[in-house]
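Take a look at the structure below.
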Amino acid sequence: MHRGSQCSAPFQDSFLRSPRFLVRHRRQRGFMARWIRQLQQRCHQGLLWIWRQEGSPGQRARGLAAGIFCGCFPFFGLQTLLGIALASAVRGNHLLAAAGTWISNPFTYLPLYWFNYQVGDVLLRGETQPLELSLLEANLWNQGWSFTSRLLLGSSVVGLGVALTLGSCAWWMFRWQSTRQHHVQAGSRDRSQP
């Protein structure tokens, strides 16, 4: 008779109740909770960094909008440089422009550029059609230009819409923050004067 087969169920029950299993299970829960807490803290620090950038609310919002606009284009490696250049042209904050280009990141590349292509396709054809999977060698250049033109047109339209929307929201929030900060500072000056 094999002894392990007789004791498997009681052994498992006793193992699950053993202090070693509970300690290991608590450590795993503690690790995940600590990791989530650290992620929340980093997100909070990132938002505070955005709030504390220099410039007027308009400059900060223009910089963020310029970065978001350039982040919608599929120019990998050039998005940040283009965002900073556009922020210089519109007199926006350069750091927020660089941060805004991260609207396209490894997690959002595929859905963002697929959506941009679909928007460009609708604007050029009037309706969406599936991508042509067969690329004929003689027609390769025409199909490449067709795909590229749709992607760039869609990126322009989507980038403009998202940049205007998020830039306006950012301007409103930055303006609210600066007026709130101004009122707090004015209130503390009034209290300090006899």
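All of the numbers you see were taken from the coordinates with simple rules; none came from a lab. Remember, predicted model here, so these are calculated numbers, not experimental data. Positions of Cβ are backbone-derived with ideal geometry, glycine not excepted, and every protein chain shown enters the neighbour counts.
Some notes on this structure:
- Computed E for residue 89/residue 125 - FRET, C-beta separation, R0 35 angstrom, nearest 0.05: 0.60
- Remark: spin-label model distance residue 43-residue 176 equals 1.8 nm, labels positioned 7 Å along the Cα→Cβ axis.
- Under 11 Å, Cβ to Cβ, from residue 173 - net charge with Lys/Arg +1 and Asp/Glu -1: +3
- Peptides ranked, highest mean first, by Cβ atoms within 10 Å: ranges 33-42, 96-105: 96-105, 33-42
- Inter-site label distance for residue 102 and residue 168 at 7 Å from Cα along Cβ, in nm: 2.6 nm
- Each Cα pair under 8 Å and six or more residues apart adds its sequence gap; the mean of these over the residue count of the stretch 53-114 is a relative contact order of 40 percent.
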